[in-house]
Amino acid sequence: MNTLSKVSGRFRNVLKCLGGVCLMGMTLLTCADVVGRYLGHPIFGSVEIVGFMATLTAALALPYTHAVRGHAGVEILVRLLSKRTQAIIELCTHAVSLFLFAVVTWRMTVYAATIHRSGEVSMNLEFPLHTIIFLTAFCFLVLTLTILEDVINNIKQLMGKK
């Protein structure tokens, strides 16, 4: 378990930083494109690049956001329950999430491989689309590992080892 925590933690931190870079890149590229359009020289392909970076920003942020519990949650009723019942509910939620994101990761990888074989590229820049899909699938893989950590921790908590 400790190895899983270390590996997924390192990947989460790297992905978080890359997400920040994509967000900054989107901002700078959009500003440069607006100024360029005003001066009559727009940046070719900027809309595609910003779209790719927006997709990657969201995907890159998912594992870290989950790890720090940065997502929205409804806990009004759950807080009224006992700690053990809360842990059981959390275990069930994480188990379902683990299954869902494992399937999503698998299917995205299959889809990326299909797109790669077809040779599909973006409209203007002719950038290979499978690259973005593979990167997104990798982010979902790290998210899946992060959720697996939570499932293991929930089981340990229920068994009284944590």
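The values are calculated or read from the model by the stated rules, or taken from the named source; none is laboratory data. Being a predicted model, the structure only gives us computed values, none of them experimental. No Cβ is skipped: glycine too gets one built from the backbone with ideal geometry, and neighbour counts run over all protein chains shown. In case anyone asks, the SASA skips ligands and DNA or RNA and just uses the protein heavy atoms, side chains included. Shrake-Rupley method; radii C 1.70, N 1.55, O 1.52, S 1.80 Å.
Determine, yes or no, whether residue 98 is surrounded by 15 or more Cβ atoms within 10 Å (Cβ to Cβ), more than 16 Å from the chain's Cα centre (by Cα), part of a helix (DSSP H, G or I) and touching a residue at least 40 places away in the same chain (Cβ under 8 Å).
The answer is no for residue 98.
Being assigned to a helix (DSSP H, G or I), exposed (fewer than 15 other Cβ atoms within 10 Å of the Cβ) and under 13 Å from the mean Cα position of the chain (by Cα) is a description that does not apply to residue 51.
Could you go through the stretch 42-60 and let me know if any residue there is in contact with a Lys or Arg (Cβ under 6 Å, 6 or more places away or on another chain), small (Gly, Ala, Ser) and in contact (Cβ under 8 Å) with a residue 24 or more places away in the chain.
no
If we keep just the residues of the stretch 144-162 that are in contact with a Lys or Arg (Cβ under 8 Å, 6 or more places away or on another chain) and more than 15 Å from residue 3 (Cα to Cα), which is least open to solvent (accessible area, probe 1.4 Å)? Of everything passing the filter in the stretch 144-162, 158 is least open to solvent (accessible area, probe 1.4 Å). For the stretch 118-162, the candidate set comprises residues that are assigned to a helix (DSSP H, G or I) and polar (S, T, N, Q); within that set, the residue that is nearest to residue 18 (Cα to Cα) is 136. Pairs are defined by a Cβ separation below 8 Å, a sequence spacing of at least 6 or placement on different chains, a first member in the stretch 73-88 that is within 11 Å of residue 154 (Cα to Cα), and a second member that is assigned to a helix (DSSP H, G or I); the pairs so defined are 84/158; 86/78; 86/79; 87/154; 87/157; 87/158; 88/158. For residue 43, the criteria (1) surrounded by 15 or more Cβ atoms within 10 Å (Cβ to Cβ); (2) of a type outside the set (Gly, Ala, Ser); (3) part of a helix (DSSP H, G or I) hold in every case but one, which is (3). When you go through 10, 84, 79, 37 one by one, which is the residue that is surrounded by fewer than 15 Cβ atoms within 10 Å (Cβ to Cβ) and either under 30 Å from residue 134 (Cα atoms) or of a type in the set (A, V, I, L, M, F, W, C) (or both)? Result of the check over 10, 84, 79, 37: 10. Among the residues of the stretch 54-95, those that are of a type in the set (Gly, Ala, Ser), within 24 Å of the chain's Cα centre (by Cα) and in a loop (DSSP other than H, G, I, E, B) comprise 70, 72, 73. Across the stretch 120-143, the number of residues qualifying as open to solvent by less than 50 Å² (accessible area, probe 1.4 Å) and not aliphatic (A, V, I, L, M) comes to 7.
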